[in-house]
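Report on the structure given below.
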Amino acid sequence: MATLSTARTLVVKIGSALLVNRETGRLHGDWLHGLAEDVATARGRGANVVLVSSGSIALGRRVLKLPDGTLSLEQSQAAAAVGQIQLARAYEEALTPHGITTAQVLVTAEDSANRRRYLNSRATFEQLLSLGVVPIVNENDTVATDEIRFGDNDRLAAQVAVTVGADQLVLLSDVDGLYTANPQVDPTAEHLPIVEAITPKIEAMAGEATSETSKGGMRTKLLAAKTATGSGCAMAIAEGSVIRPLQAIENGARATWFLAQTDPQAARKRWIASMNPRGDVQVDAGAAHALQQGKSLLPAGVTRVSGAFGRGDPVAILGPDGERLGHGLIRYTADEATAIKGCQSRQIEDILGYPGRAALIHRDDMAL
């Protein structure tokens with residue numbers, strides 16, 4: 001079973017009810033500072049940490065003095081715009097004393113559905129994490145409409161975990177895990193500490209949200225678990241109201257762990273390998289050898305480009321004799337790749353008129 005002390009990349013989802021007092025609309029400051037200590041502990045042992053945080057609308061509606069109850073779309077977007085500033089500032093103030101730099105990342109479901117935007121998001125996360133930054137992620141409620149929304153931060157957190165290649169995801173909520181039935185109405189309900197696979201029987205155990213400030217009930221958490229575990233990420237559902245919630249989980253607090261079904265990197269490679277290529281790039285012998293050594297594909301090693309593809313599209317990688325070496329998600333359009341093939345990466349800006357990425361296909365976006 002996964003333990004937080006072994007996490008290499010940890011994504012933590014924070015529910016609104018934990019972060020914001022529903023009656024006053026104010027932050028639970030002591031709780032947030034306790035979470036910051038947990039994040040600092042994880043960072044201290046070398047783990048990357050990403051926080052997916054609810055709370056912007058709850059904070060913004062208080063500032064704007066909006067009425068209680070359900071808000072209109074326009075009111076929610078206005079509250080989110082105001083609340084995001086407060087939310088980002090709160091995390092910055094909590095984490096800065098620990099020497100941790102924070103970044104705000106706002107996304108929509110469209111950012112993961114569109115391959116080009118997905119690659120851009122992944123590259124941004126990779127750069128932030130490589131610099132030791134803790135990204136604070138939320139849905140971009142100020143612009144998202146129903147058709148491009150995740151709708152709840154449980155599934156958003158799972159998608160972020162997939163994007164960053166996380167090996168562990170923790171959903172901090174107002175429930176301490178999955179039960180065989182709703183424990184609020186069935187006193188015989190039993191807690192499940194470990195779920196090895198999400199079967200129809202497991203899905204039938206899901207209830208609905210128990211808090212007015214929470215959009216995600218157990219059904220959305222199970223959907224998140226399906227996404228995460230299928231991509232090689234173990235996931236825990238835990239009650240997070242204690243001052244040091246991650247420390248509590250590590251010390252044995254009740255939670256439900258959903259076991260990863262594969263390795264994150266292996267899952268991503270299979271996903272890329274399953275795509276139908278929209279073109280191909282042929283490489284020379286030197287590049288082919290470098291790829292087998294785990295290197296990225298640079299423009300200098302490309303001898304031919306064919307097909308009509310855009311940034312983020314899958315392409316076949318062909319060896320010197322035309323044999324297929326594998327698939328990859330390319331970071332340039334067909335016209336751009338043709339223009340820079342055979343060139344050094346430092347020449348890209350002169351050729352295209354803007355600085356591009358050094359690799360034509362990054363090794364993490366490649367399945368050989």
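The values are calculated or read from the model by the stated rules, or taken from the named source; none is laboratory data. Everything quoted here is computed from the prediction, not taken from an experiment. Backbone-built Cβ (ideal geometry, glycine too); neighbour counts: all protein chains shown.
Does any residue of segment 21-33 turn out to be touching a residue at least 60 places away in the same chain (Cβ under 8 Å), touching a Phe, Trp or Tyr at 6+ places or on another chain (Cβ under 9 Å) and over 24 Å from E126 (Cβ atoms)? Checking segment 21-33: at least one residue is touching a residue at least 60 places away in the same chain (Cβ under 8 Å), touching a Phe, Trp or Tyr at 6+ places or on another chain (Cβ under 9 Å) and over 24 Å from E126 (Cβ atoms). Of the residues V20, V39, the single one that is within 18 Å of L128 (Cα to Cα), buried (at least 19 other Cβ atoms within 10 Å of the Cβ) and not acidic (D, E) is V39. Is at least one residue of segment 51-59 free of Cβ contacts under 8 Å to residues at least 40 places away in the same chain and closer than 19 Å to H33 by Cβ? Yes, because at least one residue in segment 51-59 is free of Cβ contacts under 8 Å to residues at least 40 places away in the same chain and closer than 19 Å to H33 by Cβ. Taking segment 20-52 as the range and being within 22 Å of A158 (Cβ to Cβ) and either outside the structural domain of S173 (by TED's automatic domain parsing) or of a type in the set (G, A, S) (or both) as the test, the residues that pass are A42, A47. Going through (1) in contact (Cβ under 8 Å) with a residue 60 or more places away in the chain; (2) farther than 18 Å from V134 by Cβ; (3) buried (at least 16 other Cβ atoms within 10 Å of the Cβ) one by one, T9 falls short only on (2). Once segment 70-92 is narrowed to residues that are within 23 Å of the chain's Cα centre (by Cα) and without any contact (Cβ under 8 Å) to a residue 12 or more places away in the chain, the residue that is farthest from G25 (Cα to Cα) is E92. Residues that are assigned to a strand (DSSP E or B), surrounded by fewer than 20 Cβ atoms within 10 Å (Cβ to Cβ) and either modelled with pLDDT under 90 or in contact with a strand residue (DSSP E or B) (Cβ under 6 Å, 6 or more places away or on another chain) (or both) occur at least once in segment 172-191.
Per the listing A224, A260, A267, the residue uniquely surrounded by 15 or more Cβ atoms within 10 Å (Cβ to Cβ), in a helix (DSSP H, G or I) and either on the phi > 0 side of the Ramachandran plot or touching a helix residue (DSSP H, G or I) at 6+ places or on another chain (Cβ under 6 Å) (or both) is A224.
Answer with yes or no whether A255 is at pLDDT 95 or above and within 14 Å of L325 (Cα to Cα). When the stated conditions are applied, A255 does not pass them.
Could you tell me whether any residue of segment 115-132 is in contact with a strand residue (DSSP E or B) (Cβ under 8 Å, 6 or more places away or on another chain), more than 19 Å from E37 (Cα to Cα) and of a type in the set (F, W, Y)? Checked against the condition, which is being in contact with a strand residue (DSSP E or B) (Cβ under 8 Å, 6 or more places away or on another chain), more than 19 Å from E37 (Cα to Cα) and of a type in the set (F, W, Y), segment 115-132 yields at least one hit.
Screening R278 against (1) exposed (fewer than 15 other Cβ atoms within 10 Å of the Cβ); (2) touching a Gly at 6+ places or on another chain (Cβ under 6 Å); (3) among the basic types (K, R) leaves a single unmet condition, (1). Of the candidates L325, L329, L318, the single residue that is outside the structural domain of M235 (by TED's automatic domain parsing), closer than 30 Å to M235 by Cβ, in contact with a strand residue (DSSP E or B) (Cβ under 9 Å, 6 or more places away or on another chain) and surrounded by 15 or more Cβ atoms within 10 Å (Cβ to Cβ) is L329. Counting residues in segment 202-213 that are surrounded by fewer than 22 Cβ atoms within 10 Å (Cβ to Cβ), at pLDDT below 95 and in a helix (DSSP H, G or I) gives one or more. Of the helices (runs of 4 or more DSSP H) lying entirely inside segment 16-122, the ones with 1 or more residues being at pLDDT 90 or above and under 30 Å from R268 (Cα atoms) are found at 29-44. Cβ-Cβ distances below 6 Å connect the following pairs, each with a first residue in segment 284-300 that is at negative phi and assigned by TED's automatic domain parsing to the domain that holds R363, a second residue that is among the hydroxyl-bearing types (S, T, Y) and in a helix (DSSP H, G or I), and a separation of six or more residues or different chains: L298/S345.
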